[in-house]
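The values are calculated or read from the model by the stated rules, or taken from the named source; none is laboratory data. Everything numeric here is computed off the predicted structure, so don't read it as measured data. We place every Cβ from the backbone using ideal geometry, glycine too, and count neighbours over all the protein chains shown. Heavy atoms of the whole protein, side chains included, go into the accessibility calculation; ligands, DNA and RNA do not. Shrake-Rupley method; radii C 1.70, N 1.55, O 1.52, S 1.80 Å.
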Amino acid sequence: MSKHANTGSDWVRPLVQRLRPYEPGEQSKEKGLVKLNTNENPYPPSDRVLKAMKAAVDDRLRLYPDPCCHSLKEALAGFHGVQSEQIIVGNGSDELLALATRAFVEPQSSRQGHVQKNRSVIQYFVPSYSLYPVLSEIHGAIRNEVPLTKDFAIPSARKLKSESRWNNGAALTYVTTPNAPTGRGYTSRELRSLCRGQQGVVILDEAYADFAEENAMSLASDFKNVLVSRTFSKSYALCFQRIGYFVGHPSLVRALDCVRDSYNVNGLGQVAALETLKSLSYYRKNITRIIKTRDTFALRLRSLGFDVLPSQANFLFVKPPGSVDAKTWFEGLRERKVLVRWFADSPHSDRLRITIGTRDNMRQCMNALQTLCSQFLCS
Ligand SMILES: *Cc1c(COP(=O)(O)O)cnc(C)c1O
């Protein structure tokens with residue numbers, strides 16, 4: 001032991017001392033809780049997936065998994081009609097979003113004099129996925145947060161250009177589409193024009209694309225600097241196995257391959273994802289069900305007086321009626337065994353994000369909301 005008192009922080013880089021970790025939604029073990037807080041799929045993986053995973057639990061666990069996810073990449077390439085060199089698989093898409101900072105963004109501290117400041121800029125709209133600022137901070141990048149319009153749309157190309165806040169030269173731009181936590185969808189036309197103007201890498205984070213009317217996957221092949229991010233977590237009910245992937249130009253994919261861990265994707269996850277792609281009709285049925293439930297639930301909420309943003313995802317971002325604040329609604333729902341998401345330190349702390357569960361889940365949620373309505377609005 002050193003004779004100097006060391007509280008531990010002396011060993012930690014100053015940048016890391018200042019970090020605040022990403023705050024995931026609560027994973028409660030409480031029984032009987034209706035869990036509508038982390039946008040998970042309420043329906044289980046297909047029987048085929050569960051069977052294949054169970055069958056893979058044997059002597060194989062001794063061995064490292066395929067470091068390159070060959071079979072999965074082949075299957076994904078077939079699924080999207082692209083080459084397998086255009087695909088990289090990650091430990092959830094979150095891992096790939098982080099790897100992109102390593103591959104494409106120069107940390108401020110390591111930038112040499114002659115290298116442009118833009119090489120350190122990570123850009124995204126606000127509000128969008130709350131992981132982006134965390135990844136930017138970890139990497140020591142310069143954050144450029146660009147506000148969406150009042151109704152959470154992407155400002156027009158002309159407006160972005162005239163408003164000097166948007167940076168065409170940013171090293172990395174993240175766009176969540178459909179957006180979270182708002183649920184708003186963007187057209188591939190507006191995304192195309194956005195990508196056309198960018199000199200750096202653009203990542204279209206399509207975690208919720210399967211619940212939307214359209215997606216922008218074609219841009220991954222049309223542009224050399226665009227990566228489209230997808231995940232098995234939301235529409236394919238596989239959060240637990242952590243499988244996400246990017247589609248894009250082989251040169252970007254190669255760069256990401258250079259900065260990942262050799263065995264970044266676990267073996268059972270590879271088995272599960274591959275099998276998922278063989279039961280697509282089962283998943284499509286569930287996705288359709290979730291979309292229907294979402295639209296019915298949105299109508300009911302509106303009739304209770306909630307302000308409900310139009311959603312292209314598996315959640316709704318809503319403002320409760322009356323003068324009782326969203327935190328109190330959140331706690332009231334929690335007492336009635338319904339867990340939703342409320343973002344405390346956010347400019348949108350007047351809203352709740354409600355994941356779409358089964359019809360039964362949503363009935364329970366609606367019952368709790370009706371009780372709270374009579375309690376909060378009549379007193
Ligand atoms: C859930 C989510 C992800 C993360 O997905 P994983 O594949 O589970 O890591 C990425 N982006 C957005 C916008 C999400 O909501």
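Numbers for the structure displayed
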| read-out | value |
| --- | --- |
| Single match in ALA368, ALA344 (criterion: over 28 Å from THR231 (Cβ atoms) and open to solvent by less than 60 Å² (accessible area, probe 1.4 Å)) | ALA368 |
| Failed item in (1) farther than 19 Å from PRO147 by Cβ; (2) crowded, with 19+ Cβ neighbours inside 10 Å, with LYS337 passing the rest | (2) |
| Scope the range 76-120; condition of a type in the set (Phe, Trp, Tyr) and open to solvent by 40 Å² or more (accessible area, probe 1.4 Å); matching residues | PHE79 |
| Any hit, the range 38-52, residues being surrounded by 15 or more Cβ atoms within 10 Å (Cβ to Cβ) and either among the hydrophobic types (A, V, I, L, M, F, W, C) or not in a loop (DSSP other than H, G, I, E, B) (or both) | yes |
| Helices (runs of 4 or more DSSP H) contained entirely in the range 129-224, each with at least 1 residues that are within 28 Å of VAL308 (Cα to Cα) and either open to solvent by less than 20 Å² (accessible area, probe 1.4 Å) or within 15 Å of the ligand (Cβ to nearest atom) (or both) | 131-139, 157-162, 188-196 |
| Number of the exception - SER233 against (1) touching a residue at least 12 places away in the same chain (Cβ under 8 Å); (2) surrounded by fewer than 22 Cβ atoms within 10 Å (Cβ to Cβ); (3) hydroxyl-bearing (Ser, Thr, Tyr) | (2) |
| Test: residue in the range 84-94 that is more than 16 Å from the ligand (Cβ to nearest atom) and assigned to a loop (DSSP other than H, G, I, E, B) | no |
| Residue tally, condition in a helix (DSSP H, G or I) and either over 18 Å from VAL271 (Cα atoms) or free of Cβ contacts under 8 Å to residues at least 12 places away in the same chain (or both), over the range 236-253 | 5 |
| Tally of residues being at pLDDT 95 or above and either over 16 Å from ALA273 (Cβ atoms) or in a loop (DSSP other than H, G, I, E, B) (or both) across the range 95-117 | 11 |
| Selected residue [farther than 16 Å from PHE79 by Cβ and touching a Gly at 6+ places or on another chain (Cβ under 6 Å)] from LEU268, LEU194, LEU227, LEU256 | LEU227 |
